[in-house]
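Reading through the structure tokens given below for one structure.
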Amino acid sequence: MQTEKLRQRFEHAESTIAELARTCASHKDVPDSLKQSIQQLDDQARQCHSRLEGAEDQQTFVEAVDRLEAYSDRAKMACQNATGKVDQSVESAVMRAHEELSQLKHKLH
């Protein structure tokens, strides 16, 4: 995958994560474990964004996506463990972010 295409896909994943963080913040009854995993995913996305500034090699993108996908796995697991306690919009946002990162990871590997 070309670097510019990677950058665009990564930016789309970042916006999906940011949307998830906003959705989580707008709901009061999000379990702490889920809230914490979403915050960690959002923090990692910001750190990866900084590392990818000016990056031209695919391996840097692969490492960033792998890291974010692992954090999204944690958020998905926390969401599944809180079944019935999570607002549908939060659950949908978690699944959307996880799916976006999983698809990107599979395209890179």
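Derivation of every value follows stated rules applied to the coordinates shown; laboratory data play no part. Fair warning: this is a prediction, and the values are worked out from it, not measured in the lab. Cβ atoms come from the backbone with ideal geometry, glycine included; neighbour counts cover every protein chain shown.
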field: Which listed residue, of 76, 35, is of a type in the set (D, E, K, R), surrounded by 14 or more Cβ atoms within 10 Å (Cβ to Cβ) and closer than 15 Å to residue 100 by Cβ
entry: 76
message: So in the stretch 40-66, with the set limited to residues that are under 10 Å from the mean Cα position of the chain (by Cα) and surrounded by fewer than 17 Cβ atoms within 10 Å (Cβ to Cβ), which one is farthest from residue 5 (Cα to Cα)?
response: 40
